[in-house]
Protein chains: 2
Amino acid sequence: MKNAFSPAANTWAGIEPVGYRAGRQDEPGQGYLGVTKHVISGDRGDPSSFEVRYFEVEPGGYTRLEKHQHVHSVTIIRGHGYAVVGDELHPLAPFDHIYVGPLTMHQFVNDADEPFGFICVVDADRDRPQPATDDEYAALAAASALRGKLRR
Amino acid sequence: MKNAFSPAANTWAGIEPVGYRAGRQDEPGQGYLGVTKHVISGDRGDPSSFEVRYFEVEPGGYTRLEKHQHVHSVTIIRGHGYAVVGDELHPLAPFDHIYVGPLTMHQFVNDADEPFGFICVVDADRDRPQPATDDEYAALAAASALRGKLRR
């Protein structure tokens with residue numbers, strides 16, 4: 001089965017963009033901004049143990065700072081931005097790959113002027129993300145590589 | 001961990017391109033042409049149930065016609081070509097997604113003049129591919145949608 005991508009609509013035939021979980025910018029640590037998600041495969045009864053998702057972050061946008069036991073395999077396919085992974089900062093360009101290991105705090109930020117899009121593969125059977133606590137946020141915000149780079 | 005993609009070298013830092021299994025064009029059904037493979041994640045002891053691979057097919061090249069129990073989730077990230085999936089032909093362009101279900105014969109062909117590259121996600125624990133038998137090849141070659149499109 002093919003899901004054709006429409007550049008004009010910026011979406012795939014037969015795949016509804018789903019709102020990334022509602023951002024709560026009034027609540028510290030719950031924020032995100034300008035993120036859309038498509039579940040490309042794995043959620044329609046496919047006999048596979050993974051899900052393939054596409055996330056796109058608008059200029060100035062960012063994903064929630066969070067961690068979980070399951071890992072992320074992320075491949076950039078559009079635009080530029082950076083990832084915070086633990087206390088490291090990784091600038092990202094098309095086709096770069098970034099691996100997020102278990103229980104490692106992470107966030108994807110678009111600091112450029114074009115949409116920033118990436119494929120993110122996860123286990124279908126996985127734990128729920130845990131947002132950063134105030135202490136975790138403060139510890140990361142103090143990391144030298146991340147000065148001024150964390151979003152919340 | 002980041003694996004930076006180098007456009008000049010057309011490869012990722014820290015990821016060796018691996019030869020796609022040797023093509024045997026002298027033996028019917030064992031052929032492929034101009035295919036390279038990178039295992040982007042999942043083969044380095046990662047605690048995940050999937051592997052993410054990148055395949056690139058040169059102009060005029062094609063992957064082996066084969067089937068297996070495990071499924072493929074394929075997202076085009078570069079160039080143009082087509083997929084044979086069962087007796088269907090699917091033209092493919094960047095960001096198109098194609099799902100190959102269990103025991104469905106499939107082949108990816110580059111009939112354009114630029115490299116054709118796609119991400120292919122599979123279960124880490126999976127069965128071995130089975131090449132097309134002569135009968136399977138003949139049956140597909142006779143399918144109206146595939147006239148002149150199969151490679152071997």
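Quick look at the values:
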read-out: Enumeration of residues in region B:97-127 that are in contact with a Phe, Trp or Tyr (Cβ under 8 Å, 6 or more places away or on another chain), of a type outside the set (A, V, I, L, M, F, W, C) and facing chain A (nearest Cβ under 8 Å); value: B:97, B:123
read-out: Search result, residues across region B:141-151 that are surrounded by fewer than 16 Cβ atoms within 10 Å (Cβ to Cβ), outside any helix (DSSP H, G or I) and aliphatic (A, V, I, L, M); value: B:142, B:143
read-out: Given (1) under 14 Å from the mean Cα position of the chain (by Cα); (2) open to solvent by 20 Å² or more (accessible area, probe 1.4 Å), index of the condition residue B:119 fails; value: (2)
read-out: Test for residue B:94: is it open to solvent by 20 Å² or more (accessible area, probe 1.4 Å) and at the interface with chain A (Cβ under 10 Å from one of its Cβ atoms); value: yes
read-out: Sole residue being among the aliphatic types (A, V, I, L, M) and without any contact (Cβ under 8 Å) to a residue 12 or more places away in the chain, chosen from B:143, B:138, B:83; value: B:138
read-out: Test: residue in region B:39-50 that is modelled with pLDDT of 95 or more and in contact with a Cys (Cβ under 9 Å, 6 or more places away or on another chain); value: no
read-out: Selection count, region A:86-133, where residues are free of Cβ contacts under 8 Å to residues at least 40 places away in the same chain and β-branched (Val, Ile, Thr); value: 3
read-out: Residue that is surrounded by the most Cβ atoms within 10 Å (Cβ to Cβ), among those in region A:122-140 that are among the hydrophobic types (A, V, I, L, M, F, W, C) and under 23 Å from residue A:74 (Cα atoms); value: A:132
read-out: Of residues in region A:53-90 being over 28 Å from residue A:133 (Cα atoms) and either at pLDDT below 95 or within 11 Å of another protein chain (Cβ to nearest Cβ) (or both), the one least open to solvent (accessible area, probe 1.4 Å); value: A:77
read-out: Residues within region B:47-64 that are of a type in the set (D, E, K, R) and under 14 Å from residue A:75 (Cβ atoms), tallied; value: 3
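The values are calculated or read from the model by the stated rules, or taken from the named source; none is laboratory data. As the structure is a computational prediction, the values presented were derived from the model and not from experiment. Heads up, the Cβs are rebuilt from the backbone with ideal geometry, glycines too, and the neighbour counts pull from every protein chain shown. For the accessible areas, the whole protein counts, side chains as well, though only heavy atoms, and no ligand, DNA or RNA atoms are used. Shrake-Rupley method; radii C 1.70, N 1.55, O 1.52, S 1.80 Å.
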